[in-house]
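S.K.: Structure in structure tokens, see below.
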Amino acid sequence: MFGRRGVSGPTSTSGSAQGLAPAPNPAPSPAPATSPPPSTDLAPPAAAPSAAQPSQAAPAVPSPAAVPEAPKPTPAPTPPVQAEPAPKARRSDYYDIKTDVFSAMIDTIDLAQLTRMDNDSAREEIRDVVTEIIALKNLAMSIADQEMILEDICNDVMGFGPLEPLLARDDIADIMVNGSDNTFIEVDGKVQLTSVKFRDNQQLMNICQRIVSQVGRRVDESSPICDARLLDGSRVNVIAPPLAIDGPTLTIRKFKKDKLTLQQLVNFGSITPEGATVLEIIGKSRCNVVISGGTGSGKTTLLNCLTAFIEQDERIITCEDAAELQLQQPHVVRLETRPPNLEGEGTVTMRDLVKNCLRMRPERIIVGEVRGPEAFDLLQAMNTGHDGSMGTLHANSPREALSRMELMITMGGFSLPSRTIRDMITSSVDIIVQASRLRDGSRRITHITEVMGMEGEVITTQDLFVYELLGEDANGKIIGRHKSTGVGRPNFWDRARYYNEENRLAAALDASAIDDERLSA
């Protein structure tokens, strides 16, 4: 069969085109419903265009009428809309036919040979074998259905099944699979339901196991919760039955192929150019930074942007539950926690990693997310010569971030007075950057806040920049502006002067204050 690969492609396509003749109804029906899919343009070429052209070529009026219809497929929202309705047009016995073809392919193809091929060659081999099987079984299918089966089987064997089209899209931030029938995505900050479905929960579970096995982890009934990552660094969480009642639940936080920069955040309106300059100086001046924010507010993205200003000759060690950070410096050591094995042993916690960092001669320690007693070790590292360390945590405001750090240290079993913990926080943390996702889906840096010191039992802070909400437009988009608080000499001024950045810092603060006065006037 492999020897006839070059012949089987064209012959099977013509055979399937002949198989289309007895059942012409399925082909025309998707065409008007899905507003010219590419596969139908290739399948029935002569019949539809030749019939349509005589009627439109005689009068000159329809040709201008065809011009207004061209803008409809051209807008940006159209491609996702055209890609998603395709599964809805599947015939009722689609999955039965696919299962039959898939079983025949497994019995026919040499899997050992397939594993030795590169991805493109293996996909081509699978397509040829599946095409020949469809021809041999005399399956009466439309070319659109045949292409869907070919693509689905290739994705099932070589990729992540129905998730592959979603993973290929760069405009998706999150993929949320709630059982085999419901798949949601987040695009531009808004969650929407897709038409992607799995054959059953077992297929979904197999894909989950394939994802987590790539990083040496497992998910099953005995270990139903798993954090993992894709090869591109996208974060994955799986929770399986019996904990997930309606079937396996898969959540993927997708990373863009092109890494965001601070300048791009300025272009998106997340921060002003003056605020971005201040953040750049904070990164270069080796200030200890905590990035605070809610779920999906862009904390990891902002942390990636800030790490871009670390010097190339610094030794950086990152500690994460699932490796997501994408640092560009040459001297980076990436560490990742480890869950327990089948015997419940071998756990390596975030605190173990942070403690071990101190023995690895780091110049900066970056913790992907602080969520437990490792906060104590991170603060100790910040306070013992590892200036410029960074981390993220979940909190809704800079003041709440301070309380969260104190609470995490207390929950770690440290019997320290509250005053001592607060003194440790104020002597370790220099800057808190607050990221928020607003109700319209946009993400903004809402606070750049300094930690000043203690007054009695209270930690004092000072805002440098805040985001002020002004209202919303007719489309429901939030209108606001970043506002300087008028602080002319921040607490880290001497540190900025040590790194020869005081002039840029003063210019950014002055320009922001001038813009603020002009806007208020």
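The values are calculated or read from the model by the stated rules, or taken from the named source; none is laboratory data. Only a predicted model underlies this, so the values are computations on that prediction, with no experimental measurement involved. No Cβ is skipped: glycine too gets one built from the backbone with ideal geometry, and neighbour counts run over all protein chains shown. Protein only, heavy atoms only, side chains kept; ligands, DNA and RNA dropped before computing areas. Shrake-Rupley method; radii C 1.70, N 1.55, O 1.52, S 1.80 Å.
S.K.: Would a scan of the range 119-140 turn up a residue that is closer than 26 Å to LYS197 by Cα, of a type outside the set (Asp, Glu), at pLDDT below 75 and more than 31 Å from the chain's Cα centre (by Cα)?
M.R.: yes
S.K.: Which is open to solvent by 70 Å² or more (accessible area, probe 1.4 Å) and out of contact with any Pro (no Cβ under 7 Å at 6 or more places or on another chain), of SER436, SER415? Before you say what the answer is, go through the steps one by one.
M.R.: Numbers: SER436 fails: open to solvent by 70 Å² or more (accessible area, probe 1.4 Å).
When all the criteria are applied, what remains is SER415.
S.K.: Restricting attention to the range 102-123, which residues are under 11 Å from CYS154 (Cβ atoms) and free of Cβ contacts under 8 Å to residues at least 12 places away in the same chain?
M.R.: Residue satisfying the conditions is ASP120 alone.
S.K.: I'd like the full set of residues that are open to solvent by 60 Å² or more (accessible area, probe 1.4 Å), farther than 23 Å from LEU204 by Cβ and polar (S, T, N, Q), limited to the range 114-153.
M.R.: THR115, ASN138
S.K.: Which one of these does GLU450 not meet: (1) open to solvent by 30 Å² or more (accessible area, probe 1.4 Å); (2) charged (D, E, K, R); (3) modelled with pLDDT of 90 or more?
M.R.: In the conditions (1) open to solvent by 30 Å² or more (accessible area, probe 1.4 Å); (2) charged (D, E, K, R); (3) modelled with pLDDT of 90 or more, GLU450 misses (1) alone.
S.K.: Which residues, counting only those in the range 96-120, are in contact with a helix residue (DSSP H, G or I) (Cβ under 8 Å, 6 or more places away or on another chain) and assigned to a loop (DSSP other than H, G, I, E, B)?
M.R.: Residues satisfying the conditions are ILE109, ASP110, MET117.
Yes/no matrix, rows are residues, columns are (1) at pLDDT 85 or above; (2) touching a helix residue (DSSP H, G or I) at 6+ places or on another chain (Cβ under 7 Å):
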| site | (1), (2) |
| --- | --- |
| MET205 | yes, no |
| ARG210 | yes, no |
| SER213 | yes, no |
| ASP232 | no, no |
| ARG235 | yes, no |
| PRO248 | yes, yes |
| LYS259 | no, yes |
| LEU265 | yes, yes |
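S.K.: Also: GLY372 fails exactly one of the following numbered conditions: (1) open to solvent by less than 40 Å² (accessible area, probe 1.4 Å); (2) assigned to a loop (DSSP other than H, G, I, E, B); (3) more than 30 Å from ASP463 (Cβ to Cβ). What is the number of that condition?
M.R.: All conditions pass for GLY372, except number (3).
S.K.: Pick from ASP200, ASP174: which is of a type in the set (D, E, K, R) and in contact with a Ser or Thr (Cβ under 6 Å, 6 or more places away or on another chain)?
M.R.: ASP200
S.K.: Checking the structure you have, find out if any residue of the range 386-405 is in contact with an Asp or Glu (Cβ under 9 Å, 6 or more places away or on another chain), free of Cβ contacts under 8 Å to residues at least 60 places away in the same chain and closer than 18 Å to ILE316 by Cβ.
M.R.: Within the range 386-405, one or more residues are in contact with an Asp or Glu (Cβ under 9 Å, 6 or more places away or on another chain), free of Cβ contacts under 8 Å to residues at least 60 places away in the same chain and closer than 18 Å to ILE316 by Cβ.
S.K.: Right, here's the next one. Taking only the range 165-194 into account, find how many residues are open to solvent by less than 50 Å² (accessible area, probe 1.4 Å) and closer than 24 Å to ARG127 by Cα.
M.R.: Result for the range 165-194: 3.
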